[in-house]
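Following: one structure in structure tokens, then a few remarks.
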Amino acid sequence: MSQIENTAPADPAPIPFEPLKQTNSVVTEATWVRWLLIAIGVAFLSLFLMLPLLSVFVEALRKGFGPFFDAFSDSDTIAAIKLTLLAAAIAVPLNLVFGLCAAWAITKFEFRGKQLLITLIDLPFSVSPVVAGLIYVLIFGAQGWAQPWFGDHVGKVLFAVPGIVLATIFVTFPFIARELIPLMQEQGTEDEQAALSLGATGWQTFTRVTLPNIKWGLLYGVLLCNARAMGEFGAVSVVSGHIRGLTNTMPLHIEILYNEYEFVAAFAVASLLAMLAMVTLAAKSFLEWRYADQLAASRRH
Amino acid sequence: MSATATLPARRPTKRAIPGLGPTLGFSLFYLGLIVLIPLAGVFFKASGLGVSGIWHVITSERVLAALRLSFGAALIAALINVVFGSIVAWVFVRYDFVGKRLFDAFIDLPFALPTAVAGIALTALYSPNGWIGSLVEPLGIKIAYTPLGVIVAMTFIGLPFIVRTVEPVLREVDRDLEEAAATLGAWRWQTVVRVIAPAVFPSVVTGFALAFARAVGEYGSVIFIAGNFPLVSEIAPLLIIIKLEEFDYQGATAVAATMLVISFVLLLIVNLLQAWVRKRS
């Protein structure tokens with residue numbers, strides 16, 4: 001600051017008053033109020049968000065790195081990790097295709113009942129995960145109405161991998177669609193219409209015009225969808241049957257280890273999922289910071 | 001004139017953009033198969049019980065206690081979040097401080113962190129030998145394995161809903177209005193209450209409803225810290241699971257249908273509220 005003043009030519013007519021400073025502005029609070037509010041906010045967030053996250057890693061490493069890594073050599077743990085990856089690998093792409101289809105139909109066309117469709121897509125968010133599991137028990141359970149046919153033609157759904165995948169799809173159903181719909185609504189249809197009028201086919205328009213426009217929003221939705229798919233507990237818990245090594249996902253395996261007082265192992269597996277959550281948050285923050293203009297402005301989360 | 005006459009009459013194409021049929025068709029098919037038909041199954045099954053049957057199940061002492069706890073704790077947790085979530089949103093929008101970016105990124109932690117992980121972490125913190133539990137135990141306060149623990153877990157899970165709904169609205173509040181209020185002689189506190197609060201109020205209500213709805217159905221983060229004592233700290237979703245394990249499918253369905261109806265009504269209120277706010281602005 002002083003350097004600039006020194007190098008600047010001497011001001012012929014110095015300003016007779018100091019430039020206005022915002023410190024005593026009427027549209028902000030007294031300093032002590034500001035610091036008090038910041039302190040309350042930071043204390044609340046530390047207590048409710050930072051501390052639980054920190055405690056996962058502290059508990060996992062309570063007995064050092066040896067027992068921590070031992071937890072991952074257990075064959076049931078490895079099976080749980082594999083099953084979690086498998087369920088996410090099926091659920092996320094299916095919901096991705098659905099999200100793209102639903103967003104395309106809703107944002108590029110006008111039809112009756114559109115608002116209802118959007119509300120219905122959001123439905124799984126307002127259903128308790130346990131109820132989400134229950135609905136598949138009612139269908140595929142021992143007394144379920146679809147079980148006689150499925151049992152004969154497809155195989156076991158409940159207490160098996162297909163049930164877990166179904167429950168995962170249900171709870172992650174809206175993530176990608178609800179990320180894409182507001183984004184594609186903002187972008188309108190001009191780009192697509194230009195491409196089509198220049199002779200592009202529908203598919204070319206989608207892959208070369210629409211997809212590049214929405215890629216960051218799409219990635220954002222996939223990240224959130226994947227985090228929830230790998231972490232889902234309630235819904236999967238109802239349909240899994242908790243068969244160790246066969247139908248246990250990582251969150252279910254954490255519960256079993258915890259209830260068997262194997263705290264280090266439970267928190268070690270939990271720390272893997274916590275790291276996934278942190279990577280998700282980091283990627284999400286990066287996308288919001290770097291590509292804010294290419295994400296939907298009106299996101300609820 | 002003659003030139004235009006030779007051109008074939010241009011019929012407006014019905015739709016410039018292709019793909020409505022397959023995309024909408026697949027969307028409806030997938031939505032129906034995964035969400036609507038299975039959900040309808042709950043009501044179909046519940047209807048087999050009849051109103052009196054459902055009433056009989058949900059008015060049993062244990063179910064009533066569980067519903068009361070789920071809805072009561074969710075209400076308290078959502079109110080806690082309204083207070084502190086609004087403060088957090090305010091601090092994020094209006095002030096600058098070290099680490100703001102980090103805290104901002106972590107607001108979404110309850111969305112990203114699997115509920116079971118949150119559940120065991122909160123239990124470890126608030127149990128009598130945990131970091132926080134051991135601090136409050138000398139005061140005679142027990143948090144883990146009591147309804148208080150349920151409230152703590154539900155507060156954790158609902159926090160982002162309030163912050164993320166209020167934050168963008170608060171950012172849009174017109175500073176000119178605040179200056180106008182100040183020049184007209186309003187104290188800062190009066191400006192906050194009379195100018196800013198009405199503007200953000202609808203978003204606070206929306207956030208409250210979302211946090212409440214989420215907390216009512218929450219399972220994973222609650223069951224570890226709750227202790228699950230019947231009549232005391234047993235939440236409604238857990239009761240559904242217990243009834244399922246006892247092969248009491250009808251009882252489980254009755255509780256589930258009750259929770260679904262209440263959630264749908266909440267969802268409807270939120271949507272109507274948002275539509276009303278959109279219309280007003």
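The values are calculated or read from the model by the stated rules, or taken from the named source; none is laboratory data. Since this is a predicted model, take the numbers as computed values, not measurements. Positions of Cβ are generated from backbone atoms using ideal geometry, with glycine treated the same way; all protein chains shown enter the neighbour counts. The accessibility values were calculated without ligands, DNA or RNA, using every heavy atom of the protein model including side chains. Shrake-Rupley method; radii C 1.70, N 1.55, O 1.52, S 1.80 Å.
Could you list all residues from region A:82-138 that are hydroxyl-bearing (Ser, Thr, Tyr), more than 9 Å from every other protein chain (Cβ to nearest Cβ) and either free of Cβ contacts under 8 Å to residues at least 40 places away in the same chain or more than 22 Å from residue B:219 (Cα to Cα) (or both)? Even if it seems obvious, please write down each step before you answer.
If we filter region A:82-138 for residues that are hydroxyl-bearing (Ser, Thr, Tyr), which is where we start, we get A:84, A:107, A:119, A:126, A:128, A:136.
Filter once more, so that each one left must be more than 9 Å from every other protein chain (Cβ to nearest Cβ): A:84, A:107.
Listed by number, the list holds a single entry, A:107.
The helices (runs of 4 or more DSSP H) found wholly in region A:204-301 and carrying at least 2 residues that are within 19 Å of the chain's Cα centre (by Cα) and more than 12 Å from chain B (Cβ to nearest Cβ) occupy A:211-231. Pairs linking a residue in region B:201-228 that is within 8 Å of chain A (Cβ to nearest Cβ) to a residue that is of a type in the set (Val, Ile, Thr) and not in a helix (DSSP H, G or I), with Cβ atoms under 7 Å and 6 or more positions apart or on different chains, are B:217/A:127. Put simply, of A:186, A:179, A:192 the only residue that is more than 12 Å from chain B (Cβ to nearest Cβ), open to solvent by less than 30 Å² (accessible area, probe 1.4 Å), assigned to a helix (DSSP H, G or I) and not aromatic (Phe, Trp, Tyr) is A:179. As a summary of the residue check, residue A:142 satisfies the conditions (1) among the aliphatic types (A, V, I, L, M); (2) more than 10 Å from chain B (Cβ to nearest Cβ); (3) not in a helix (DSSP H, G or I) except for the one numbered (2).
Which of the residues spanning region B:41-89 are within 12 Å of chain A (Cβ to nearest Cβ), open to solvent by 30 Å² or more (accessible area, probe 1.4 Å) and without any contact (Cβ under 8 Å) to a residue 12 or more places away in the chain? Once the filter is applied, which keeps residues that are within 12 Å of chain A (Cβ to nearest Cβ), open to solvent by 30 Å² or more (accessible area, probe 1.4 Å) and without any contact (Cβ under 8 Å) to a residue 12 or more places away in the chain, region B:41-89 yields B:44, B:83, B:87. Quick check on my filter: what residues within region A:63-95 are within 25 Å of residue A:157 (Cα to Cα) and open to solvent by less than 50 Å² (accessible area, probe 1.4 Å)? Listed by number, the residues that qualify are A:76, A:77, A:79, A:80, A:81, A:83, A:84, A:87, A:88, A:91, A:92, A:95.
Of the residues making up region A:155-176, those that are farther than 24 Å from residue A:123 by Cβ and either within 10 Å of chain B (Cβ to nearest Cβ) or touching a Pro at 6+ places or on another chain (Cβ under 8 Å) (or both) are A:155, A:156.
Assess whether residue A:291 counts as being open to solvent by 10 Å² or more (accessible area, probe 1.4 Å) and in contact with a helix residue (DSSP H, G or I) (Cβ under 6 Å, 6 or more places away or on another chain). So residue A:291 passes the test.
Examine region B:175-187 for a residue that is within 28 Å of the chain's Cα centre (by Cα) and surrounded by 15 or more Cβ atoms within 10 Å (Cβ to Cβ), and state whether such a residue exists. Before you say what the answer is, go through the steps one by one.
As a first pass, look at region B:175-187 and keep what is within 28 Å of the chain's Cα centre (by Cα): none.
No: region B:175-187 contains no residue that is within 28 Å of the chain's Cα centre (by Cα) and surrounded by 15 or more Cβ atoms within 10 Å (Cβ to Cβ).
Could you please find all residues in region A:101-115 being over 24 Å from the mean Cα position of the chain (by Cα) and either buried (at least 21 other Cβ atoms within 10 Å of the Cβ) or not in a loop (DSSP other than H, G, I, E, B) (or both)? Before you say what the answer is, go through the steps one by one.
Pass one, region A:101-115, residues over 24 Å from the mean Cα position of the chain (by Cα): A:108-114.
Within region A:101-115, A:108, A:114 meet the criteria.
Just to be sure I understand the filter: pairs with C-beta atoms under 7 Å, separated by 6 or more residues or on different chains, first member in region B:17-36 and at the interface with chain A (Cβ under 8 Å from one of its Cβ atoms) and open to solvent by less than 60 Å² (accessible area, probe 1.4 Å), second member of a type in the set (Val, Ile, Thr) and assigned to a loop (DSSP other than H, G, I, E, B). Which pairs pass? Within 7 Å, the pairs are B:17/A:189. Comparison of B:262, B:241 shows that the only residue that is of a type outside the set (Ser, Thr, Tyr), in contact (Cβ under 8 Å) with a residue 24 or more places away in the chain and either within 11 Å of another protein chain (Cβ to nearest Cβ) or open to solvent by 40 Å² or more (accessible area, probe 1.4 Å) (or both) is B:262.
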